[in-house]
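*Asks:* Could you have a look at this structure, given as structure tokens, before my questions?
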Amino acid sequence: MERFESAKERYARFGVDVEAALKAAASKPISIHCWQGDDVTGFDQRDGGASGGIQTTGNYPGRARTFEELKADFNKAASLIPGKKRINLHACYAVFGPGEWVDRDRIEYRHFAPWVEFARENGYGIDFNPTCFSHPMVKDGLTLSSPDASVRRFWIDHCKATRRIANEIGAQLNDKVLNNVWIPDGLKDVPADRLGPRQRLKAALDEIFAEPLPNVIDCVESKVFGIGLESYTVGSNEFYMSYAASHPGVYNLLDNGHYHPTEVVSDKIPALLCFFDKIPLHVTRSVRWDSDHVVILEDELKEIMKEIVRNDALDKVLIGLDFFDASINRVAAWVVGTRNAQKALLWALLQPHDRLKALQDRSEFTEKLVLMEECKTLPFGDIWEEYCRREGVPATESWYGEVAQYEKDVLSKRG
Ligand code: RNT
Ligand code: ZN
């Protein structure tokens with residue numbers, strides 16, 4: 001407490017209101033992806049496992065295999081993470097009753113009602129995603145852009161079904177639900193036709209988004225390439241950015257693993273803020289490719305959060321996470337990555353943005369640099385620990401003891 005009070009004073013000297021920062025951090029939801037818990041496997045395919053340009057690597061024991069296990073693991077992780085939480089669900093996590101199964105073009109709200117119950121019990125929001133990968137109807141790496149009309153039909157019907165489900169989830173929780181369309185479509189080798197697949201994708205999206213659904217926030221996620229699809233991606237950045245810009249109500253989701261190595265999402269946020277009232281994010285960490293490593297507290301993550309905070313965009317930028325590592329304890333991976341997103345958010349809330357902006361506008365670049373750098377060594381840790389205490393979660397690395405115990409008691413007993 002003493003350390004917190006003195007840290008608060010040090011920040012106050014820079015004009016930073018620590019109490020306001022703590023409040024803002026605690027009220028900004030982060031959408032935590034359910035798929036870290038089971039390596040993007042889902043419940044609806046017999047031979048589950050990610051395919052379609054994405055890959056999970058590692059075989060750490062204890063993967064969640066059922067709805068019950070995934071819920072338990074999610075709650076364990078959530079109990080060690082401060083802040084407001086949403087669950088980011090994929091359609092392949094449909095919960096079927098005994099002996100029941102329908103394919104993805106036929107799923108309905110009732111297959112997700114158990115998730116809504118879980119969310120309600122725990123005070124979580126929900127976001128949703130069609131699962132256009134890891135399925136036999138992905139033909140030659142293609143879904144919505146396939147030249148085969150029956151393949152396109154299947155995935156269009158799937159995406160339409162997910163929008164209706166998302167809308168009903170929103171109605172049940174009295175909330176808006178983000179529904180994110182990502183497809184793997186691409187080609188391994190030099191294309192003979194780059195335009196045709198994009199025209200087919202555009203027509204498919206028009207059909208998918210035709211039905212107005214008041215509780216859904218629609219978005220599309222671009223990508224630069226996927227494994228096995230190195231030469232061409234149908235849903236490229238330019239394609240989806242233009243699609244979103246010309247289709248009011250459809251937003252462009254930025255995944256920071258989906259751009260060329262020197263492009264940064266932190267710079268894209270203020271560009272899009274000039275044109276869009278919402279920007280959904282997938283926060284991840286790419287090591288040499290879109291590898292979806294666990295999020296760590298690195299400079300670009302802080303920079304992303306700074307752009308959200310200093311542009312007053314906490315209500316406009318929807319923060320979601322997208323990483324999956326099967327080489328370490330999956331519950332710990334969730335906790336590390338999400339605590340880091342929370343840390344970066346709080347850190348950004350504690351920077352003297354107004355002073356720094358004024359210095360930039362007066363071209364006082366030397367002082368701006370000095371101030372920015374001095375702020376980096378303010379006693380952030382003392383504020384973070386107080387934030388965790390107020391949120392009722394462990395303030396230090398002691399949380400790992402709880403995960404280690406859970407591994408011993410629960411995870412290690414899974415076959
Ligand atoms: C893939 C995209 C996509 C997926 C999830 C599982 O490159 O990032 O968002 O990771 O939908
Ligand atoms: Zn993503």
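The values are calculated or read from the model by the stated rules, or taken from the named source; none is laboratory data. Only a predicted model underlies this, so the values are computations on that prediction, with no experimental measurement involved. All Cβ positions, glycine included, derive from the backbone under ideal geometry; neighbour counts span all protein chains shown. We work out accessible area using only protein heavy atoms, side chains counted, and drop any ligands, DNA or RNA first. Shrake-Rupley method; radii C 1.70, N 1.55, O 1.52, S 1.80 Å.
*Asks:* Take the residues in the range 289-314 that are surrounded by 20 or more Cβ atoms within 10 Å (Cβ to Cβ) and among the aliphatic types (A, V, I, L, M), then tell me which one is farthest from ligand 1 (Cβ to nearest atom).
*Replies:* Val309
*Asks:* Shifting gears a bit: Test each condition in (1) outside any loop (DSSP other than H, G, I, E, B); (2) of a type in the set (Ser, Thr, Tyr); (3) away from ligand 2 (no atom under 16 Å from the Cβ) for Tyr251 and report the one that comes out false.
*Replies:* Tyr251 satisfies all of (1) outside any loop (DSSP other than H, G, I, E, B); (2) of a type in the set (Ser, Thr, Tyr); (3) away from ligand 2 (no atom under 16 Å from the Cβ) except (3).
*Asks:* Follow-up question, since we're still on this one. Of everything in the range 251-275 that's buried (at least 18 other Cβ atoms within 10 Å of the Cβ) and more than 16 Å from ligand 1 (Cβ to nearest atom), which residue is farthest from Lys176 (Cα to Cα)?
*Replies:* Taking the candidates together, the pick is Ser266.
*Asks:* Is there any pair linking a residue in the range 216-227 that is farther than 20 Å from Asp290 by Cα to one that is away from ligand 2 (no atom under 11 Å from the Cβ) and assigned to a loop (DSSP other than H, G, I, E, B), with Cβ under 7 Å and at least six apart or on different chains, and which?
*Replies:* Ile217/Lys176; Ile217/Lys278; Asp218/Phe209; Asp218/Gly249
*Asks:* Please enumerate the residues belonging to the range 164-195 that are in a strand (DSSP E or B), over 17 Å from Ala91 (Cα atoms) and of a type outside the set (Gly, Ala, Ser).
*Replies:* Once the filter is applied, which keeps residues that are in a strand (DSSP E or B), over 17 Å from Ala91 (Cα atoms) and of a type outside the set (Gly, Ala, Ser), the range 164-195 yields only Leu187.
For every residue, the table says whether it meets (1) under 18 Å from the mean Cα position of the chain (by Cα); (2) hydrophobic (A, V, I, L, M, F, W, C); (3) within 16 Å of ligand 1 (Cβ to nearest atom).
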| residue | (1), (2), (3) |
| --- | --- |
| Leu195 | no, yes, no |
| Arg200 | no, no, no |
| Thr233 | no, no, yes |
| Ser236 | no, no, yes |
| Gly249 | no, no, no |
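*Asks:* Restricting to the range 315-337, count the residues that are away from ligand 1 (no atom under 16 Å from the Cβ), open to solvent by less than 20 Å² (accessible area, probe 1.4 Å) and farther than 12 Å from Gly37 by Cβ.
*Replies:* Final tally of qualifying residues: 1.
*Asks:* Okay, next question. Can you tell me which residue within the range 170-193, out of those that are under 15 Å from Leu318 (Cβ atoms) and over 17 Å from the mean Cα position of the chain (by Cα), is most open to solvent (accessible area, probe 1.4 Å)?
*Replies:* Step by step, filter the range 170-193, then rank; the result is Asp175.
*Asks:* Also, quick follow-up: Of all residues in the range 204-230, how many are farther than 16 Å from Gly52 by Cβ, outside any strand (DSSP E or B) and either of a type in the set (S, T, N, Q) or within 14 Å of ligand 2 (Cβ to nearest atom) (or both)?
*Replies:* Qualifying residue count for the region: 1.
*Asks:* Need the failing condition index for Val190 against (1) within 16 Å of ligand 1 (Cβ to nearest atom); (2) within 20 Å of His260 (Cα to Cα), just the number.
*Replies:* Failed condition: (1).
The rows are residues; the columns are (1) touching a Ser or Thr at 6+ places or on another chain (Cβ under 7 Å); (2) of a type in the set (Val, Ile, Thr); (3) away from ligand 2 (no atom under 16 Å from the Cβ); (4) over 30 Å from Ala25 (Cβ atoms).
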{"residue": "Lys84", "(1), (2), (3), (4)": "yes, no, yes, no"}
{"residue": "Ala91", "(1), (2), (3), (4)": "yes, no, no, yes"}
{"residue": "Trp101", "(1), (2), (3), (4)": "no, no, yes, yes"}
{"residue": "Asp105", "(1), (2), (3), (4)": "no, no, yes, yes"}
{"residue": "Arg110", "(1), (2), (3), (4)": "no, no, yes, yes"}
{"residue": "Trp115", "(1), (2), (3), (4)": "no, no, yes, no"}
{"residue": "Pro130", "(1), (2), (3), (4)": "yes, no, no, yes"}
{"residue": "Ser134", "(1), (2), (3), (4)": "yes, no, no, yes"}
{"residue": "Asp148", "(1), (2), (3), (4)": "no, no, yes, yes"}
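*Asks:* Tell me yes or no: at least one residue of the range 73-96 is open to solvent by 20 Å² or more (accessible area, probe 1.4 Å) and more than 22 Å from the chain's Cα centre (by Cα).
*Replies:* yes
*Asks:* Right, next: Starting from the range 53-68, take each residue that is over 25 Å from Ser286 (Cβ atoms) and open to solvent by 80 Å² or more (accessible area, probe 1.4 Å) and list its partners that are part of a loop (DSSP other than H, G, I, E, B) and among the β-branched types (Val, Ile, Thr), counting only C-beta distances under 9 angstrom and pairs at least six apart or across chains.
*Replies:* The qualifying pairs are Arg65/Thr41.
*Asks:* List the pairs whose first member sits in the range 248-262 and is in contact (Cβ under 8 Å) with a residue 40 or more places away in the chain, whose second member is in a loop (DSSP other than H, G, I, E, B) and within 12 Å of ligand 1 (Cβ to nearest atom), and whose Cβ atoms are under 7 Å apart, counting only residues at least 6 apart or on separate chains?
*Replies:* What qualifies is Asp255/Thr284; Asp255/Asp322; Asn256/Thr284; Gly257/Thr284; Gly257/Ser286; Gly257/Asp290; Gly257/Asp292.
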